[in-house]
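Enquirer: I'd like to ask you about the structure that follows.
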Amino acid sequence: MLRPLAAEKWDYGSAAHLLNRAGFGGPPGEIEALVALGPEQAVDRLVNYEEIPDLTPAPEWAKPDPERARQLAGAQRLSVEERQKLQREEQQRQRERLAELRGWWLQRMARGARPLQEKMVLFWHGHFATSFEKVRDATLMWRQNETFRRRATGNWLELLIETAKDPAMLIWLDQAQSRKERPNENFAREVMELFTLGEGEFTEEDVAQGARALTGWTFDRAGQRFVNRPTWHDTGHKVIFGKEGNFDGEDFLELIVARPAAGRFITRKLWRFFAGTEPSEELAAALASLFRRSGNEFKPLLRAIFRSEEFYSPRVRRNQVKSPVQWLIGSVRMLERELPPPEVCAAMLRSMGQDLFAPPNVKGWEEGVGWITTNTLMARYNQAAVLVYGEPDGVAGRAPAAQTARGAGAKRKGGAGQPGGAAATSPEAPGARPAAGGVEVKRILSDAQRSSKEELIGALEQRLLQARLKPEHRRVLREYLDSQGALDEAGILNAIRLVMSTPEYQVA
């Protein structure tokens, strides 16, 4: 298990697979650069991202604002009308900041120099699944996002402790109000069931005793920082996992991480996230063993995963349905175009089923084929048009009716809930040239690739799929191009959009 991939097996397809899974994909030039490095150096370049400077500034408002906190705290002294006005202003402010925060993070994914770090932040965001809908403070959501970034590939226990003390998490799972008189069991339960151990690995008594250990963990709203209030803490004797002691919150989390199930749980989930498959029992045991030997550090585990033969096996490659974020960020990177404006991106992701900073529940998003429904598949077809042709009519996430009709035709061929068939319909371009923000054909395709239909198809396969289209889709695409006569920019844009609406494009 976990034997390194042989150097002679390293090629364009392998490098593209690594960049797709350990990052968000990229254009041919970035893939070729990884090919030239060889497998070991290519993996090190992604995993050792701390060696690459990160100069991205935080949003201007991403800092504690004691004056605002005092103003909100004193709202009860205002008249009803004044209080309602203050609340509306605050809600509007937070909505604007959340929109900016989403755009800020998407830009880091699309243009940052540390793709694996941002991919891990996305993983932890789905794993710890905290929502703005309850937290209602963009600064706290940014702070949690930064915690995931700072601890992305570090130590499991350190990440777990810092996340448990994170103000957004304290609000999200009701820990901030937990006192010895009334221990709240929400976080104690979810930290074991969803974050570390899984079902069947703890008892109800472990939940109750763990909740007692966590009492007193809250936060200072004005300073927006964690606070441990000793007078709120239950100092009594506790029994957790059969062990006795006067445990506090950190002791409880340390007891959890020490259990064998904790290593198996998180390493399995990481394998599924990056490999898109369930590991065999033998592989799961090897992953957990390596994780333990590495002191519960994630970086050695990730390096071993990305170097392993199992990770590059036919069972793993090109079998993972792209999440909406992976689809959007990978698309703009492969098309070498800018991200649409934040409000457009938010509408696109929402239509495809993934609203950043607003996961559907404490379990996070359903991965894999769960991303594909009739509605979300239609949205992918329509959003492909937005990226290729430009934002339609300046309206966030809305595709022209002709494009919607094409998506419907694709759905009929592929079947409801199946990502397929779009290449069987002929598109109608919204115009002879791309709208503002569309793909610049001359930037991504050479003169030779734009002058020959076979060259064009091959170039689009290499850039967008890193593999060949299925024969029937390739045939239909060629028939469409032949029906258009000589190649022009509109026809090429349509061809790009058709490839993005095939089953092959929905997976990485």
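No lab work stands behind these numbers, since they all come straight from the coordinates. Everything numeric in this text was worked out from a predicted model, so none of it was measured. No Cβ is skipped: glycine too gets one built from the backbone with ideal geometry, and neighbour counts run over all protein chains shown.
Enquirer: Can you give the percent of C-alpha pairs in the stretch 129-280 whose distance is more than 20 Å?
Expert: Summing the P(r) of the stretch 129-280 above 20 Å gives 49 percent of all pairs.
Enquirer: Add +1 for every Lys or Arg and -1 for every Asp or Glu among the other residues with Cβ under 13 Å from the Cβ of E82, and state the total.
Expert: Numbers: positive: R77, R83, K85, R88; negative: E81, E89, E90.
Residues close to E82 contribute a combined charge of +1.
Enquirer: Work through the residues other than L2 whose Cβ is under 13 Å from its Cβ and net out their charges, Lys, Arg +1 and Asp, Glu -1. Working shown, then result.
Expert: Details: positive: R3, R293, R303, R307; negative: E282, E309, E310.
Taking every Cβ under 13 Å from that of L2, the sum is +1.
Enquirer: For a quick check: with amide H placed at 1.01 Å from N, whose amide H comes under 5 Å from S308's, ignoring anything fewer than 5 positions away on the same chain?
Expert: Answer set, sorted by chain and number: L5.
Enquirer: With viscosity set to 0.890 mPa s at 25 °C, what whole-number translational diffusion coefficient in µm²/s follows for the stretch 90-171 from Stokes-Einstein and a Kirkwood radius over Cα pairs?
Expert: Working: Rh = 13.1 Å.
So the translational diffusion coefficient is about 187 µm²/s.
Enquirer: When the gyration tensor of the stretch 1-75 is built from Cα positions, what are the square roots of 5 times its three eigenvalues, in whole Å, from largest to smallest?
Expert: Details: eigenvalues 385, 35, 26 Å².
Here the semi-axes work out to 44, 13, 11 Å.
Enquirer: For the stretch 497-505, just list the computed ³J(HN,Hα) in residue order, Karplus coefficients 6.51, -1.76 and 1.60, θ = phi - 60°, integers in Hz, with x standing in for Gly and Pro.
Expert: So the J values, rounded to whole Hz, are 5, 5, 4, 5, 9, 9, x, 4, 7.
Enquirer: Taking Cα atoms of the chain, Rg/Rh with Kirkwood Rh, to two decimals? All intermediate terms of the calculation are to be shown ahead of the outcome.
Expert: Working: Rg = 24.8 Å, Rh = 24.6 Å.
When Rh is taken as the Kirkwood radius, the ratio is 1.01.
Enquirer: Can you pull the three principal axis extents for the Cα set of the stretch 173-263, in Å, largest first?
Expert: Between the extreme Cα coordinates on each principal axis of the stretch 173-263 lie 39, 25, 19 Å.
Enquirer: Debye sum, Cα scatterers, the stretch 43-202, no solvent: what log₁₀ I/I(0) at q = 0.18 1/Å?
Expert: Values, matching the q order: -1.21.
Enquirer: Along the stretch 441-448, what does the Karplus equation 6.51 cos²θ - 1.76 cosθ + 1.60 (θ = phi - 60°) give for ³J(HN,Hα), rounded to whole Hz, x for Gly and Pro?
Expert: 4, 5, 6, 10, 10, 6, 4, 5
Enquirer: Sorted by average packing, counted as other Cβ atoms within 10 angstrom per residue and highest first, what order do 173-184, 89-100, 144-155 take?
Expert: Sorting 173-184, 89-100, 144-155 by mean packing, highest first, produces 144-155, 173-184, 89-100.
Enquirer: Taking H as built 1.01 Å from N, whose amide H comes closer than 5 Å to the amide H of V507, not counting residues under 5 places away?
Expert: So V507 has HN proximity to K322.
Enquirer: Then there's this: What residues qualify as long-range amide H neighbours of V227, i.e. H under 5 Å apart, gap of 5 or more or another chain, H built at 1.01 Å from N?
Expert: Counting only residues 5 or more places away or on other chains, the set is T218, F219, D220.
Enquirer: So what does the Cα-only Debye profile of the stretch 304-384 read at q = 0.15, 0.22 Å⁻¹, as log10 I(q)/I(0), no solvent term?
Expert: -0.64, -1.09
Enquirer: Using Cα positions and a limit of under 16 Å, work out the aspartates and glutamates in reach of K442, with same-chain residues fewer than 8 apart set aside.
Expert: Hits, sequence-local ones excluded: E336, E338, E455, D488, E489.
Enquirer: Here's a follow-up. As an exercise, identify the GluC sites (Glu not before Pro) in the stretch 279-346 lying in DSSP coil whose Cβ has no more than 11 other Cβ atoms within 10 Å.
Expert: For GluC sites (Glu not before Pro) across the stretch 279-346 that sit outside H, G, I, E and B with at most 11 neighbouring Cβ atoms in 10 Å, the list reads E338.
Enquirer: Further question on the same structure: How much net charge surrounds Q466 when only other residues with a Cβ under 11 Å from its Cβ are counted (Lys, Arg +1; Asp, Glu -1)?
Expert: Spelling it out: positives minus negatives among the neighbours equals +1.
Enquirer: Using r as the Cβ-Cβ distance of I52 and A73, and R0 as 45 Å, what FRET efficiency do you calculate, to the nearest 0.05?
Expert: So, using R0 = 45 Å, E works out to roughly 0.60.
Enquirer: Starting at the first residue of the stretch 361-368, write each ³J(HN,Hα) from the Karplus equation 6.51 cos²θ - 1.76 cosθ + 1.60 with θ = phi - 60°, in whole Hz, x for Gly and Pro.
Expert: Each residue's phi maps through the Karplus curve to give 6, 5, 7, x, 7, 7, 8, x Hz.
Enquirer: With r defined as the distance between the Cβ atoms of D65 and S289 and R0 fixed at 45 Å, what FRET efficiency is calculated, to the nearest 0.05?
Expert: The computed FRET efficiency comes out at 0.45.
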